[in-house]
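Below you'll find the structure, written out as C-alpha cells, and then a few comments.
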Amino acid sequence: MPALLVHGNPDTSRLWEDVLPHLRDYGEEIVAVDLPGFAAPTPNGFDATKESYVDWIIAQLEDLAAAGPVDLVGHDWGSLLVQRIASLRPDLLSSVTAGGAAVDTEYPWHDIAQIWQTPGEGERYMAEELTEEVSVPYLVENGVPQRFAQHNAWLTPGNKDCILALYRSAIHVGEEWQPDLERVAVPAMVIWGREDPYVPLNWGERLASRMKADFVVLECGHWWPYERPQETAAALLSRWNSARG
C-alpha cells in the first residue's frame with residue numbers, strides 16, 4: 001500500500017525529510033507532495049481555496065491508488081485537507097493520519113489566522129510581518145529547524161496570496177466539513193504535540209474521538225514531523241502495518 005504525505009503552512013514536502021529515512025522498512029512507495037503555491041508559484045488558474053486543494057490531493061491519490069489503497073497523512077493544513085478527503089473518498093484510502101489542525105465546529109481560529117482572514121489586515125501582516133528577517137527566527141523559535149525555516153513557503157513568490165485565499169475560504173470550515181467527518185469509517189490515527197501553541201491538545205483529543213482514531217501525543221510543539229521525526233515514523237509504521245492486517 002503506497003503512502004502520501006501532505007504538509008501544511010508554511011511548509012513544503014521538506015517537512016517530511018527527516019521522517020522518511022525512518023520509514024524505509026515499510027517497503028512501499030511513499031510520496032511527499034508539494035501543495036500548489038508552496039514550493040513554487042501557484043499554477044495558472046489555481047484559486048487556492050480549500051476545495052481546490054482537496055481536489056488536487058484527490059488527483060494525486062487516484063494516481064497512487066492504482067497500486068492499492070493509500071495511507072494518507074497530513075500535518076497542519078494538510079491535516080484539515082486529509083480529514084476532508086477521508087470523508088469524501090474513503091475508497092482511495094487504507095488509513096488516514098492527521099495532526100496539528102482539527103475540523104471542529106467549536107474551534108476558534110488562532111490569532112494570526114484571524115488576521116489573515118480579515119481583508120486589508122491580512123495583506124498588511126503579510127507585507128510587514130512575514131519578511132525573511134521576521135519569519136525565519138519566528139519559525140525557529142517555534143520548533144522548526146533553521147535549515148527548514150530558511151526555506152519556508154512564505155518566501156515563495158505568490159505564496160502569501162495563496163495563504164490569504166486559503167484561510168479566507170475556510171472561515172466556516174468546521175460547520176462545512178465536520179458533519180461528513182463524523183461519518184468517517186477509515187482506520188485513523190491522530191498525532192499531536194503536547195505543547196502545540198496554535199491548536200492545543202484538547203482539540204486533538206476531540207478529533208481522535210470524532211474519528212474513532214488512535215491518539216498519539218508527542219513531547220513537542222506544533223511541528224512534530226520536524227521536532228520528533230523518529231517517533232513520528234514509528235507511529236506511522238504502527239498504523240500502516242495495522243491497516244495491512
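Every number here is computed from the coordinates shown, using simple stated rules; none is lab data. Every value quoted in this text rests on a predicted model; they were computed, and no experiment measured them. In this analysis, Cβ positions are derived from the backbone assuming ideal geometry, glycine residues included, and neighbour counts consider all displayed protein chains.
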Discussion item. Just want to confirm a number: the relative contact order over the chain, from Cα pairs under 8 angstrom separated by 6+ residues, in percent.
Written reply: 25
Worksheet entry | Projected label distance in nm at GLU195 and ALA234, using a 7 Å step from Cα toward the beta-carbon | 1.9
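Give me THR118, THR97 sorted ascending by neighbouring Cβ count inside 10 Å, so fewest comes first.
Numbers: THR118 16, THR97 27.
Starting with the residue having the fewest Cβ neighbours, the order is THR118, THR97.
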Fill in: All Cα pairs of the stretch 44-147, percent lying beyond 24 Å
41
Response to the item:
A chain fully extended from ILE171 to LEU88 at 0.36 nm per residue, minus the present Cα-Cα distance, gains in nm 27.9 nm
Worksheet entry | Expected 222 nm ellipticity per residue - DSSP helices of 4 or more, -39500 (n - 2.57), all of the chain, to 500 | -12500 deg cm²/dmol
Worksheet item: How many angstrom separate the Cα center of the stretch 8-53 from the Cα center of the stretch 155-208?
Response: 16
Item to complete: Name the most mobile residue of ASP25, ASP104, ASP11, meaning the one with the largest mean-square fluctuation, in a Gaussian network model of the chain with Cα contacts below 10 Å.
Response: ASP25
Worksheet item: If each of ASP111 and ASP47 carries a label point 7 Å out from its Cα toward its Cβ, how far apart are those two points in nm?
Response: 3.3
Worksheet, complete the sentence: Correct response: the longest run of the chain lacking exposed trypsin sites (Lys or Arg not before Pro), defined by DSSP loop and at most 16 other Cβ within 10 Å, is 1-182
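Over the alpha-carbon set of the stretch 124-245, divide Rg by the Kirkwood Rh and report the Rg/Rh ratio to two decimals. Don't skip to the end; give the middle numbers.
Numbers: Rg = 16.9 Å, Rh = 16.6 Å.
Here Rg/Rh amounts to 1.02.
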Discussion item. Students often get this wrong: which residues of the stretch 148-173 have the backbone nitrogen under 19 Å from the point 7 angstrom along Cα-to-C-beta of GLU133?
Written reply: 150-152, 154-156
Worksheet entry | Alpha-carbon centroid distance for the pair the stretch 69-103 / the stretch 214-245, whole angstrom | 14
Practice prompt. With just the Cα atoms of the stretch 37-92, tell me how far they stretch along each of the three principal axes, in Å, largest first.
Written response: 31, 22, 18
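With a/c under 1.5 counting as rounded, go ahead and sort the stretch 101-196 into rounded, prolate or oblate using the C-alpha gyration tensor (a ≥ b ≥ c being the square roots of the eigenvalues; past the cut-off, prolate if a/b is larger than b/c, else oblate).
Values: a/c = 2.33, a/b = 1.43, b/c = 1.63.
Oblate, because a/c is 1.5 or more while a/b does not exceed b/c.
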Fill in: 10 Å-binned pair-distance histogram of the chain (Cα, whole percent)
8, 34, 40, 17, 2, 0
Item to complete: Could you list the GluC sites (Glu not before Pro) in the stretch 34-131 that lie in coil according to DSSP, counting only those with at most 12 other Cβ atoms within 10 Å of their Cβ?
Response: GLU106
